[in-house]
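Notes for the one structure printed next.
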Amino acid sequence: MAIKELDWANIGFSYIKTDKRFVSNFKNGAWDGGAIVDDANIVMSEDAGVLHYAQECFEGLKAYRTEDGRVVTFRPDLNAQRMVDSAARLEMPQFPVDKFVQAVEDVVKANADWVPPYGSGATLYIRPVMFATGNVIGVKPADEYQFRIFVTPVGPYFKGGVKPIVVKISDYDRAAPHGTGNIKAGLNYAMSLHAIVQAHEEGFAENVYLDAATRTYIEETGGANIIFVDADGNLVVPKSHSDSILPSITRRSIVDVAQKYLGLKVDERYVKLEEVHNFKEMGLCGTAAVISPVGKINDHGKEICFESGMDDMGPVLKKLYDTLTGIQMGRLDPPEGWIHEIKL
Ligand SMILES: *Cc1c(COP(=O)(O)O)cnc(C)c1O
């Protein structure tokens with residue numbers, strides 16, 4: 001085994017084609033056995049359901065090389081279960097949790113040389129995706145699907161150290177109340193692209209979306225959940241009245257780490273935009289960055305500044321970040337079932 005020699009610190013977050021991928025097809029009411037294949041391209045009908053009615057869902061997780069040289073993934077069973085939930089909501093067939101976890105293992109093993117070295121800050125991003133390949137013209141679920149997992153190495157999220165970002169309160173909505181905001185479907189991202197391009201043009205890193213019904217409560221950003229630290233140093237996690245926040249695995253893990261490792265109180269509740277100025281720290285959480293600190297929110301020209309400022313991650317989020325990444329990288333003892341070792 002020879003780890004690839006890439007400029008790990010500078011590869012960024014973009015697609016790099018690796019050697020192997022896992023593909024399984026659903027036909028005549030059943031998934032085939034699936035296989036590790038070479039071909040990174042997909043040939044399908046012009047009438048495939050995914051192209052017309054957006055029957056697609058995906059997942060995102062990472063493989064890490066630990067300090068003692070093992071290759072591990074973080075809670076892949078939760079990604080598997082979330083994809084089952086996404087598929088059910090989109091009338092797609094479910095890919096069984098155990099087979100999903102096995103396929104993650106197989107594809108990482110087949111691309112083991114692409115798992116970046118420990119300490120490089122880079123990781124192997126794993127992208128499971130499921131989409132309708134069967135023909136549909138009338139609006140209905142397709143009857144054929146593909147489930148595929150490919151991997152691509154990604155560089156450190158924060159090049160040259162963690163830097164707080166500035167986000168804006170968006171005038172667009174991400175997800176309708178009781179719509180599809182709670183599943184990981186590409187369609188939620190298609191409609192966020194215009195909003196994020198605009199936000200970037202205005203100099204903001206992300207959009208904070210409010211609840212679509214009343215526009216008074218904090219929900220999440222386009223691709224990350226939000227967490228706050230209150231004046232007492234406790235963690236506050238926004239809830240949605242209309243179930244339109246994506247259940248982030250990073251956020252759920254942070255809640256456990258806060259309670260069980262750091263002894264913090266965690267308040268999962270509805271959070272009004274108008275009370276956010278009372279908080280001391282704000283962060284965005286997801287697989288990509290784990291925690292990305294927010295220094296300021298811009299609400300239609302009015303700035304909400306957090307005490308943690310624009311130079312560093314605040315002290316509480318920093319502790320959460322160090323503890324969770326310590327668990328992921330094998331430096332700290334994990335809770336039962338969190339670290340899934342891939343035996344090479
Ligand atoms: C994927 C995603 C997240 C983060 O989820 P993780 O499981 O922590 O990676 C948050 N919000 C949205 C909308 C997402 O699609």
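Please give the peptides 194-204, 223-233 ranked by average Cβ packing (other Cβ atoms within 10 Å per residue), highest first, as a rough proxy for protection. Spell out each step's value before the answer.
Numbers: 194-204: 14.1, 223-233: 19.5.
Ranking, from highest mean packing down: 223-233, 194-204.
What spacing in nm lies between the two simple spin-label points modelled at D68 and Y270, each 7 Å away from Cα in the Cβ direction?
4.8 nm
Two decimals is fine: what is log10 I(q)/I(0) at q = 0.11, 0.12 Å⁻¹ for the chain, from a Debye sum with one equal scatterer on every Cα and no solvent?
Cα-only, vacuum Debye calculation for the chain: -0.76, -0.90.
If you average the alpha carbon positions of the range 133-202 and of the range 314-328, how far apart do those two centres end up, in angstrom?
The range 133-202 and the range 314-328 have Cα centres separated by 26 Å.
At a 10 angstrom cut-off on C-beta neighbours, averaged per residue, how do the peptides 141-147, 211-217 rank from highest to lowest? Before the final figure, lay out the partial values.
Working: 141-147: 20.4, 211-217: 16.4.
Going by the mean number of other Cβ atoms within 10 Å, highest first, we get 141-147, 211-217.
Add -39500 (n - 2.57) for each DSSP H run of 4 or more in the chain, then divide by its residues: what number comes out at 222 nm, to the nearest 500 deg cm²/dmol?
Numbers: 7 runs with 73 residues, N = 344.
Estimated from H runs of four or more residues: -6500 deg cm²/dmol.
May I ask you to derive the relative contact order of the range 108-175, considering only C-alpha pairs under 8 Å and at least 6 residues apart, and to give it as an integer percent? Write down the numbers at each step before the final one.
Values: 71 pairs, mean separation 21.1, N = 68.
Computed over the range 108-175, the figure is 31 percent.
Treat each spin label as a single point 7 Å out from the Cα along the C-beta direction, and report the D85 to E341 distance in nm.
Between D85 and E341, the simple spin-label model gives 3.0 nm.
Percent relative contact order of the range 165-328, based on C-alpha pairs within less than 8 angstrom and at least six residues apart? Numbers along the way, then the final one.
Values: 323 pairs, mean separation 39.1, N = 164.
Contact order relative to length: 24 percent.
Which whole-number percentage describes the relative contact order of the chain, with Cα contacts under 8 Å and a sequence gap of 6 or more? Please list the in-between numbers first.
On the way: 755 pairs, mean separation 66.8, N = 344.
The value is 19 percent.
For the chain, set up a Gaussian network in which alpha carbons nearer than 10 Å are linked by springs, and say which option among S292, S242, S86 fluctuates the most.
Largest GNM mean-square fluctuation: S242.
Please give the peptides 116-125, 333-342 ranked by average Cβ packing (other Cβ atoms within 10 Å per residue), highest first, as a rough proxy for protection. Working shown, then result.
Values: 116-125: 18.8, 333-342: 14.0.
The most tightly packed comes first, giving 116-125, 333-342.
Every number in this text was worked out from the coordinates using simple rules, so none of it is lab data. Quantities reported herein were computed from a predicted structural model and do not represent experimental measurements. Ideal geometry is used to build each Cβ from the backbone, glycine not excepted, and the neighbour counts take in all protein chains shown.
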